[in-house]
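What follows is a single structure, written as structure tokens, with notes after it.
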Amino acid sequence: MEFGAAYNECGAEFLRTKQCDEQREWSVIEVAQNVGDYLIQRLRQWDVEKVFGYAGDGINSLLASWVAADDPPEFVEARHEEMAAFEATGYAKFSGKVGVCAATSGPGAIHLLNGLYDAKLDHVPVVAIVGQTNRTAMGGSYQQEVDLLSLYKDVASEYVQMVTTPQQLPNVLDRAMRISLSRRTVTAIILPADVQELEYSPPEHAFKMVPSSLGITTPVTVAGQEGIRDAAEVLNSGKKVAMLVGQGARGAREEVVEIADRLGAGVAKALLGKDALPDDLPFVTGAIGLLGTRPSYEMMMECDTLLIIGSSFPYSQFLPEFDQARAVEIDINPSFVGLRYPTEVNLVGDAQATLLALLEHVEHKEDRSWREDIEKKVESWWKTMEAQAMLDADPINPMRIFWELSGQLPSDAVVTADSGSAANWYARHVQFSENVRGSLSGTLATMGPGVPYAIGAKFASPQRPAIALVGDGAMQMNGLAELITIKRYYEQWEDPRLVVCVLHNNDLNQVTWEMRAMSGSPKFIESQKLPDIDYAQWAESLGLGARIVTDPEQLNDAWQFALNADRPVVLDVHCDPSVPPIPPHATFEQAKELAASLIKGDPDRWDVIKQGVKTKAQEFLPHGDKTGEA
Ligand SMILES: Cc1ncc(C[n+]2csc(CCOP(=O)(O)OP(=O)(O)O)c2C)c(N)n1
């Protein structure tokens, strides 16, 4: 028996549900469908498979409807509403579908916010469904009453609506879905508790009624021919072309490679575009920016032409000087072109379709010397990365954790990283092959999404292994609690592997380094030191796999263990907080100066100096790239 909506002879919608009679036998009954029932039915019709959420009396009736409706969508219970929003965001990032999260009124809706902002800023489609107090109590400063329309006005600026009558619901829900999907943003539906219980009646063919419909097919936009020709002229006249790709280029891999080949260009990747191109292509210079590589930095500083595709990388100091390069940008979002660099031609369109149009006019550059030089630097840089990773540290050099992972990364892995030093090493040291997916909080750069993104990834692709690279601060902030969510669900995943690698350095290390480098301040123990706890023991107490790693020689084996386990595993890796995340453009002299400036007052000063100098020196050893010695 199918449960869900049915129709009687008059065409009215009813819900088939189950009832337990006195003999404790289940029988099927038909009851009038209420608003909560309809909402779940409509989500099912939208093909929503998961809703990440947390209960509360603002959505109790909706949850009661779930009992009758059954899956899908499956209600996935996080430990905190912020985690539910991160999970919906991770799910959306890795599935390409809309992510849906649900929370109760007041505190639940407030808790969702940071995760929703993460989605909004990274242009990820997420729909939030939140409860509200009864209509009779509204405006009465009632318990848990928060002005959610005002609160959500910014995060769901494209669409936030409160449903106050059943006939409104189809339209509000369908628009929330369509707007979220087509504009890749956050939308929100506020559903008062008493409205959830009202008998559902559809909008009628009548005055002031708004009907609705399911589904959307979005256009494949291509910039106009005039712009395409102008762009081709800019690109054809350049001698040293640099490219920058972001997440918007992900669906255009072949075209990006083709145009880079024709232009003899190197390609740098913004953080969110790390999986747009594999790292084994010789002309891919890797990450850009403070977390980036030296080949990316030098390519940008020396190019005469720049082509940006699907990226809103914000740090213009890592792009060419403003009068140095003629530039073309391709972006699907008209409000995001021409924003980060004084570009000459701004092409609004789908990356693949626009590149295909552009390729009709782009010529093959005969002089390959620029490209050859980039490829040489890239080859040398990977050797530098290995040498830096293999340096001794106390007890483990964090770079080596990531380097060793690269060597064993399954070809279908999904990798997430948290904000913190993990993001540096993820950006620079992990080499992605063709089908590896990866993401982090690119724009909000919030702490906390590493583990819940990986959970979202497992619900998006249960057959792929997921790996979360997370600092101990982020782990203490919420990752530890979210291990409980992993324990609860992992047996339903086709491939149970989810590895959480904790960078156990007892320090909020990224900020410690920011304070040293930007504020010239020594480490402030009160704010930076973390309580030392046993992450592996906590994981084991939950029945997950775990291993403590205290020696770099154990790393290879530890990754092997985790990547071959029959359950999720926590790798608790004790690593050295004195290994500096040196930016790629820092010269050897600058690194020494930074170290010297720390001597006064920093409790870790000698280790910091030693590690900083050793790390920087790797770029200048025989395998290194000597071009930046000045
Ligand atoms: C919600 C939030 N709070 C604070 C910050 C500022 N912040 C960025 S990285 C970081 C330290 C992260 O420490 P940890 O997770 O231990 O990683 P580590 O850098 O030590 O590897 C902090 C506090 C932030 N980005 N987001």
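Below 8 Å between Cα atoms, with a sequence gap of 6+, how large is the relative contact order for region 225-275 in percent?
Relative contact order comes out at 45 percent.
Tell me the Kirkwood hydrodynamic radius of region 503-560 in angstroms, computed as one over the mean inverse distance between distinct C-alpha pairs.
13.7
What FRET efficiency would be calculated for the residue pair A617, E258, taking the C-beta separation as r and a Förster radius of 41 Å, to the nearest 0.05?
0.55
Local charge sum around G238 (other residues, Cβ-Cβ under 9 Å, Lys/Arg +1, Asp/Glu -1)?
My count for the surroundings of G238 gives +3.
Which whole-Hz couplings ³J(HN,Hα) result when phi for each residue of region 463-469 is put into the Karplus expression 6.51 cos²θ - 1.76 cosθ + 1.60, θ = phi - 60°, listed in order with x for Gly and Pro?
In residue order, the calculated couplings are 8, 9, x, 10, 9, 10, 10 Hz.
Quick check on region 422-543: what does the Kirkwood estimate of hydrodynamic radius come out to from the alpha carbon pairs, in Å?
It works out to 15.7 Å.
Based on the Cα coordinates of the chain, what is the per residue volume of their convex hull in Å³?
So the per-residue hull volume is 177 Å³.
Give me the percent of DSSP beta bridges within the chain that run antiparallel, rounded to the nearest 5.
Just about 15 percent of them are antiparallel.
Kindly write out, for region 34-40 in residue order, the coupling ³J(HN,Hα) from the Karplus curve 6.51 cos²θ - 1.76 cosθ + 1.60 (θ = phi - 60°), rounded to whole Hz, with x marking Gly and Pro.
For region 34-40, the Karplus curve yields 9, 4, x, 4, 4, 4, 5 Hz.
With each label point set 7 Å from Cα along the Cα-Cβ vector, what nm distance links E74 and L359?
Those two pseudo-labels are separated by 3.8 nm.
Based on Cβ point charges of +1 for Lys and Arg and -1 for Asp and Glu, what charge dipole magnitude is obtained for the chain about its Cα centre, in debye rounded to the nearest 20?
Result for the chain is approximately 800 debye, rounded to the nearest 20.
Helix 605-617 against the longest principal axis of the chain: what's the angle in degrees, Cα atoms only, rounded to the nearest 10?
Here the helix axis deviates by roughly 70 degrees.
Whose amide H sits under 5 Å from the amide H of E74, counting only residues 5 or more places off or on another chain, with H placed in the peptide plane?
It is K50, V51, by chain and number.
Please give the net charge around P72, taking every other residue with its beta carbon less than 11 angstrom from that of P72, where Lys and Arg add +1 and Asp and Glu add -1.
With Lys, Arg at +1 and Asp, Glu at -1, the neighbours total -3.
Subtract the Cα-Cα distance of D323 and D57 from 0.36 nm times their separation in residues, and report this length gain in nm to one decimal.
Full-extension gain reported as 89.9 nm.
Size of the dipole of region 389-435 about the Cα centre, Lys and Arg at +1 and Asp and Glu at -1 on the beta carbon, nothing else charged, in debye to 20?
It works out to roughly 100 debye.
If you count, for each residue, the other Cβ atoms within 10 Å and average over each peptide, how do 442-453, 350-361 line up from highest to lowest?
In descending order of packing, they fall as 442-453, 350-361.
Would you list, by chain and number, the lysines whose Cα falls below 26 Å from the Cα of K376, excluding same-chain residues fewer than 8 positions away?
Excluding near neighbours in sequence, the set is K239, K240, K269, K274, K365, K614, K616, K626.
Would you pull out the residues with amide H under 5 Å of A413's amide H, same chain only if 5 or more places away, H placed 1.01 Å from N?
R437
Would you mind computing Rg(Cα) / (2.2 N^0.38 Å) for region 281-423, counting N as its residues?
Working it through for region 281-423, the quotient is 1.23.
Return the long-range amide H neighbours of D275 (sequence gap of 5 or more, or a different chain), with a cut-off of under 5 Å between placed amide H atoms.
For D275, the qualifying residues are G438.
Towards the positive end of the charge dipole of region 273-392, with charges on Cβ (+1 Lys, Arg; -1 Asp, Glu), say which of W370, S312, M300 has the farthest Cα.
Value computed over the given set: S312.
Show me the ranking of peptides 144-157, 188-201, 99-112 by mean Cβ neighbours inside 10 Å, starting with the highest.
99-112, 188-201, 144-157
Spelling out what I want: for every residue of region 151-165, take phi, set θ = phi - 60°, compute 6.51 cos²θ - 1.76 cosθ + 1.60 (Karplus), and round to whole Hz; glycine and proline get x.
Computed from phi, the couplings for region 151-165 are 4, 8, 4, 7, 5, 10, 5, 7, 5, 9, 9, 9, 8, 10, 8 Hz.
All of the numbers you see were taken from the coordinates with simple rules; none came from a lab. Everything quoted here is computed from the prediction, not taken from an experiment. Here the Cβ is made from the backbone with ideal geometry for all residues, glycine too, and neighbour counts use every protein chain on show.
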